[in-house]
Amino acid sequence: MAGRYADGNADGAGRRVALVTGAGSGIGLAIAHRLAGEGMDLVCVDVHEPDGLPGAFLHADLTTREGNRHAIDFAMERFGRLDVVVANAGVQHVSPIEDFDEDAWDRLLALMLTSPFLLARYGWPALREAGDARFVAMASVHGLVASPYKAAYVTAKHGVLGLIKTLALEGAAHGIRATAVCPGFVRTPLVEGQLADQARAHGVSVTDVLERVVLEPQAIKELIEPDDVAETVAFLVGRAGRAFTGAPVVLDNGWTAG
Ligand code: NAD
């Protein structure tokens, strides 16, 4: 399989193709740039397209079955193969359970649990065909531990770890490896956007929320950078990531050590 990872396939059938969801912002954007830098062909899927995104862009709402089906079909029509799926798109909703908006619950579960399932469901034949495929779900430290006021997010991320274990067992015979990346807090619009909600829910000021609430559970009181998460994903989908399957890969600044 020499040559499959960085600069194309050994059989000359073309470069490796990676589909990244939520590629329009934050961690997904960093992953798209990182994998393009590895020489992969990129399919970037999102509901919003920033300037300068590498590869081919598809506007799709991944809370729907059609959106996920379209993402896989688009990749195959465009490049004729699919080697890597990074199911990364996500949103947050912060609320005490008694006020938790039911539609927000449905939306979060659809995007962060059902979309990874549908991408695996529809993409499986192509991943099997690829011969050495990787399925990476962007989970979270909240796939391993809970925080108050994040019922849907914590539930979806815990569920994704179960999905990944199942995909690893089913994929083993077909060269498909599946992992769940579990970061602590990363400096992205998703985190910046929840500071006001967190301040309201915890009854503290926005300025206090970063240090006293957001970074409080981490041993190292620093936000993780999107490029660091992208580097982890590049490792997992590369040659050296071949022993990683069915497992969470945790980069949490010591959160779960406590
Ligand atoms: P972000 O808000 O910067 O990016 C999320 C992207 O998902 C956006 O571009 C958005 O348009 C897209 N998206 C939202 N709804 C969509 C939909 N219905 N269909 C298609 N795309 C949609 O967020 P981020 O921080 O980069 O988060 C990316 C992933 O990383 C999420 O799954 C998140 O849960 C996970 N994560 C983030 C952190 C963190 O601290 N930022 C920590 C752990 C895990």
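A short reminder: the numbers here are calculations on the coordinates, not readings from a lab. Because the structure is a prediction, the values reported are computed rather than measured. Cβ placement follows ideal geometry from the backbone for every residue including glycine, while neighbour counts extend to all protein chains displayed.
How long is the gain from residue 69 to residue 121 if the chain were fully straight, where each residue apart is worth 0.36 nm and the alpha carbon distance is subtracted?
Details: separation 52, 0.36 × 52 = 18.72 nm, distance 0.92 nm.
Working it through step by step, the gained length comes to 17.8 nm.
Go ahead and run the numbers for FRET between residue 240 and residue 205, Cβ-Cβ distance against an R0 of 25 Å, rounding to 0.05.
On the way: r = 44 Å, r/R0 = 1.77.
E(calc), rounded to 0.05, equals 0.05.
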Nearest 10, in degrees from 0 to 90: the angle of helix 226-237 to the longest Cα principal axis of the chain is 40 degrees
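What percent do you get for the relative contact order of the chain when only Cα pairs under 8 Å and 6+ apart count? Write out the running numbers ahead of the final one.
Details: 526 pairs, mean separation 48.6, N = 258.
Computed over the chain, the figure is 19 percent.
Per the Cauchy relation, a quarter of the hull surface: what is the mean projected area of the convex hull of the alpha carbons in the chain, in nm²?
On the way: hull surface 52.3 nm².
Computed as one quarter of the Cα hull surface, the answer is 13.1 nm².
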Counting only C-alpha contacts under 8 Å and six or more residues apart, can you give the relative contact order of region 148-258 as a whole percent?
39 percent
With everything on Cα atoms, drop me the angle between helix 115-130 and the longest principal axis of the chain, reported from 0 to 90° to the nearest 10.
20 degrees
If we count other beta carbons within 10 Å of each Cβ, what is the order of 150, 157, 165, fewest first?
165, 150, 157
Taking just the alpha carbons, could you work out the radius of gyration and Dmax for region 144-258, both in angstroms?
16.1, 52
Looking at the calculated P(r) for region 137-193, what percent of the C-alpha pair distances fall above 13 Å?
63 percent
In degrees, nearest ten, helix 65-79 long axis to first principal axis of the chain (Cα):
40 degrees
Taking Cα centroids, how far is region 154-200 from region 65-102 in Å?
12 Å
Suppose each label sits 7 Å from its Cα in the direction of the beta carbon; what would the residue 216-residue 231 distance come out to in nanometres?
3.0 nm
